[in-house]
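Readers should treat all values here as calculations from the given coordinates under stated rules, not as data from a laboratory. Everything numeric here is computed off the predicted structure, so don't read it as measured data. Quick reminder, even Gly has a Cβ in these numbers, built from the backbone with ideal geometry, and neighbours come from all protein chains shown.
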Amino acid sequence: MNIEQIREAAESESPCLSDKSCIKIYVASSGNNSGADRIFGMFEESLDENGIRGVAIRAGSFGYYDLEPIVVIERPDLYSIFHKNVDADSAAGLIENFLLKDEPVKAGAFCFSGSENTIDAARMSDLPLFNLQRRIALRNCGWIDPGNIHHYVVHGGGYTGLARALSMGPKTFSGELFPSLLDRRLRIGDSTADQWQRFADSEGREKCLICNAMDADPKSVTSRLLLESDPHSVLEGMLIAGHATGASRGILYIAEKAGIARRLRTAADQMRRHNLLGPGILHSDFSFEIEIKYAPESFVTGQWVESFRCLEENQPPPRVIPDLTDFDEYRGNAFIITGPEVLSNLSAVLVKDKEETPGSKVMTLGGCAIHKYTVEIPIQTTIRSIIEEIGGGCASGKPAKAVILGGSAGRFIAPNAFDLEARPAGESQAGIGPDSIEILDAGSSVVDIVRDIAACIHAQSCGKCLFCREGSLQTLNILEDISDNRGKPQDLDLLTELGKDMKTACLCAFGRNAPDPVLSSIELFREEYEERIQASPL
Ligand code: SF4
């Protein structure tokens, strides 16, 4: 099949999807949600029974978890309405009133878009949640059935980017265009762009693309959201990257407990049936295979430089891993490591000419934020804007006193830096920066929070090297003492010394990043630690 035939097949299977005059009902929620399944069934039945020209779509998640199940009804003749926390009763009300009588339903209406403000709800375009976002990687999340390749093709122009890349030929596309496109779009930084360039230019060995979909930090859900709600955008990105760099094989590894393996296997089967995987993809001379692997769920395996270790059946002892300034080798082959967010961006960039835009970053809000959403924001968005406009501020009503940028092993940022971009350019080795932001309100105890983080880090250390195994334990013991008013005046110097030693002596990136919350919080909130120590009876 070629791309036109795939598109025709998709449109003929579900003509309503591409028909602008057709009513569309999206029932969106995360994972398996029996409530959302029931609501979807109610809408599907009502369309059938009442002979309404429309389609009900059991969509993935938008990333607005506390609003789920979400129902969006697009009525081309009226307006689109976005309802939150829909249950069977409110779904029945929407069917009875909005679908059958054309009357708006106020209860649960979150916002709307369209011509007339006939309901008591905000316009989508007025809400920061929508107007501050720039959804490129997450463009299809909540808007397609992730289990149906035809939805991806019709709604998101799926696989058009791949067809375009194939039409450009490997030499035209790989050259300088590919890494510079990644750099402009994602600000991956010079060293990562060079790394991709050298990988593309290398010859003589089998090349393999590794997609680390582990979500290194438990507070980050970017990979999971993308693979659950829009798996084809990631898989298409793997094909595009493979074609651009001359790789013939891709390995996507996920947490063994993530429960998304079936979705990925279904997606891969659909790709194979549509001539999108295997030999001669879309009648070209490009062939590519994708293998799905599992790794134990932990901070350690989620670290992208640990990918090689995760791919080996018998995990070897820890070793010093190079900074991967060049593409690495694994069993004699050349490898490059990337993640679902980068790959999902690739497929979008090649469909629309978005490469000149500044780019965006997926982030999940947590901690004291009112709204703990996963959103995609323009790269220049400030921390303050994320806290106040998207997160809605702190649930307690108190001001934010700090954020932890980058999850459990991230850095503390104080309010005097809230007007900086949340994602500085070239921030990380992977080039895509932190993907979670934890907000602390004025009533939060920095000492107790860092103690909890240290406990989590110690529990996740694989224990194979001394500085991480013992360093994380000693750090935890000292922090527990300070937290329980048993601290000693020399403890802060000891914590700082331990942290610095771990940063230089730990074998892997996990251990080297682990002291960051301790070191950055002591630097910014030393007085809080000192107060606890002074309150100690000794
Ligand atoms: S730094 Fe920690 S997680 Fe990494 S190898 Fe050493 S003990 Fe294991």
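Values computed for the structure shown
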quantity: Average Cα contact separation per residue, region 1-145, under 8 Å, 6 or more apart, as relative contact order %; calculated: 24
quantity: Region 382-538 - Kirkwood radius from inverse mean 1/r over Cα pairs (Å); calculated: 16.2
quantity: Cβ-based charge dipole, region 434-538, positive-most Cα from Val447, Ala459, Leu495; calculated: Ala459
quantity: As computed over region 481-538, the Cα convex hull volume per residue (Å³); calculated: 71
quantity: Principal axis dimensions, region 7-121 - Cα atoms, whole angstrom, descending; calculated: 39, 33, 26
quantity: Cβ-based charge dipole, region 435-538, positive-most Cα from Ile522, Cys468, Ile533; calculated: Cys468
quantity: Too-long pairs where the Cα-Cα distance tops 31 Å, listed order kept, from Lys20/Lys219; Lys219/Lys401; Lys24/Lys219; calculated: Lys20/Lys219; Lys24/Lys219
quantity: Volume per residue that the Cα convex hull of region 57-162 spans, once the total is divided by residue count, Å³; calculated: 121
quantity: Whether region 1-69 is rounded, prolate or oblate, judged on the alpha carbon gyration tensor where a/c under 1.5 counts as rounded; calculated: oblate
quantity: Residues Gln490 and Asn50, FRET efficiency given R0 of 51 Å [Cβ-Cβ distance, rounded to 0.05]; calculated: 0.10
quantity: Distance in nm between pseudo-label sites at Arg469 and Ser113 (7 Å out along the Cβ direction from Cα); calculated: 5.5
quantity: Cross-link pairs Lys84/Lys106; Lys464/Lys503; Lys372/Lys398; Lys372/Lys503 - those with Cα-Cα distance over 20 Å; calculated: Lys372/Lys503
quantity: Within region 383-538: Cβ-based charge dipole about Cα centre, in debye rounded to nearest 20 (Lys, Arg +1; Asp, Glu -1); calculated: 380
